[in-house]
1. Can you pull out every residue in segment 203-225 that is touching a Leu at 6+ places or on another chain (Cβ under 9 Å), within 14 Å of Leu172 (Cβ to Cβ) and not aromatic (Phe, Trp, Tyr)?
2. Inside segment 55-110, can you point out the residues that are farther than 30 Å from Ala36 by Cβ, free of Cβ contacts under 8 Å to residues at least 60 places away in the same chain and acidic (Asp, Glu)?
3. Can you find a residue that is surrounded by 20 or more Cβ atoms within 10 Å (Cβ to Cβ), closer than 23 Å to Val86 by Cβ and in contact with a Cys (Cβ under 9 Å, 6 or more places away or on another chain) anywhere in segment 200-214?
4. For segment 113-128, enumerate the residues that are surrounded by 14 or more Cβ atoms within 10 Å (Cβ to Cβ) and outside any loop (DSSP other than H, G, I, E, B).
5. Could you tell me whether any residue of segment 148-161 is touching a Pro at 6+ places or on another chain (Cβ under 8 Å) and touching a residue at least 12 places away in the same chain (Cβ under 8 Å)?
6. Against the conditions (1) farther than 30 Å from Phe167 by Cα; (2) part of a helix (DSSP H, G or I); (3) at pLDDT 90 or above, where does Ala110 fall short? Just the number, please.
7. Going by what's in this entry, would Val25 be described as modelled with pLDDT of 95 or more, surrounded by fewer than 17 Cβ atoms within 10 Å (Cβ to Cβ), within 14 Å of the chain's Cα centre (by Cα) and of a type in the set (A, V, I, L, M)?
8. Mind checking which residues of segment 165-178 are in contact (Cβ under 8 Å) with a residue 60 or more places away in the chain and charged (D, E, K, R)?
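The values are calculated or read from the model by the stated rules, or taken from the named source; none is laboratory data. Everything numeric in this text was worked out from a predicted model, so none of it was measured. Here the Cβ positions follow ideal geometry from the backbone for every residue, glycine too, while neighbour counts run over all protein chains shown.
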Amino acid sequence: MDLIATASPRQLARTAGGLYLANIVLGAFAIGFVPATIFVAGDAAATAHNIQANEGLYRLGIVAHVVILATNVPLAVIFYELFKVVNRRLALLVVFFTLVGTAVEGANLAGQFTPLALLDGGQKTSAFTSAQLQAQAYMSFAIQDVSYAINSVFFAFYGLTIGYLVFRSTFLPRVIGVLLAIGALCYLTYSFASFISPGFAAHLVPYIQLPSLVGEGSLCLWLLIVGVNVQRWNEQAARRGGC
C-alpha cells in the first residue's frame, strides 16, 4: 500500500491501465471463450461431454477468473487514489462496489467446480445415473448465470460511479466518462432483464455488452498509453485541500 500511496498520478494511471487490460483479456477468455466452447444450450449431455473432453480448458478458465478477482483489489485502491481528488466519497463508493461485486463473483467461481465434482465418476456420485449427473451439471450453469446477473448490478453501479468521476475530472477525457455510464446502464438493463425475463436477456447478449467494452477499453488504453494530465490532477487535488 505504501507503494501506491507514494506513486505519482501517472504511475498509478499506467498501473491501473495494465491491470485493467489484464482484466479485459482474461475476462474475454474466462467469461467469453471458455463458456462458448463448453456450454451447449439445451443439451446437458453435450455440455457434460465438452467439460470432460476439455477439462484442462475449463480449469484454465477458472484460473483466469481467479486472477481477475485478485487484480480487482489493487485496481480498486488505485482508482481511489486517482479519483479522491474529484470526490473522496464517490471514490470510496467505487471501492465498495468493486469489492462487493468481486465477493459475489468469487462465490460464483466456487460454484464452477460443481460440474467437475459431479462428472468425475467417483464413489460420491455412484448413486446417480449418468443422465442425472449431466442434468445437475447443466443446471449449475443456470445458477452461475443468476450469480453473474447479480454481480453485474454491482458492476453497473461501479461503472456509473467511476463514469461520473471521470466526467467530473479535469485530467481525463470527459467522453470516456460518458461511454462508461452508457455501458453501465446496459449492464443494469441486462441484469434486471435476467431477473424478469431470462429468455429476453439471452437475446441481448453479446450486443448489450459492446458499449461496456468500448467504455472500459477506452479507459484502459487511455490510462495505459497516455496516463493522466498530472498538472490538472495536482490542480484538482489542491482545490480539495491536497487530499
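1. Scanning segment 203-225 gives Gly215, Glu216, Ser218, Leu219, Cys220, Leu221, Leu223, Leu224.
2. Correct list: empty.
3. Filtering segment 200-214 for residues surrounded by 20 or more Cβ atoms within 10 Å (Cβ to Cβ) gives 212.
Imposing the further condition that a residue be closer than 23 Å to Val86 by Cβ reduces the set to 212.
From what's left, in contact with a Cys (Cβ under 9 Å, 6 or more places away or on another chain): 212.
Within segment 200-214, one or more residues are surrounded by 20 or more Cβ atoms within 10 Å (Cβ to Cβ), closer than 23 Å to Val86 by Cβ and in contact with a Cys (Cβ under 9 Å, 6 or more places away or on another chain).
4. Correct list: Thr114, Pro115, Leu116, Ala117, Leu118, Thr125.
5. Within segment 148-161, the subset touching a Pro at 6+ places or on another chain (Cβ under 8 Å) is none.
There is no residue in segment 148-161 that is touching a Pro at 6+ places or on another chain (Cβ under 8 Å) and touching a residue at least 12 places away in the same chain (Cβ under 8 Å).
6. (3)
7. Details: modelled with pLDDT of 95 or more: yes; surrounded by fewer than 17 Cβ atoms within 10 Å (Cβ to Cβ): yes; within 14 Å of the chain's Cα centre (by Cα): yes; of a type in the set (A, V, I, L, M): yes.
Against the criterion (modelled with pLDDT of 95 or more, surrounded by fewer than 17 Cβ atoms within 10 Å (Cβ to Cβ), within 14 Å of the chain's Cα centre (by Cα) and of a type in the set (A, V, I, L, M)), Val25 qualifies.
8. Arg168
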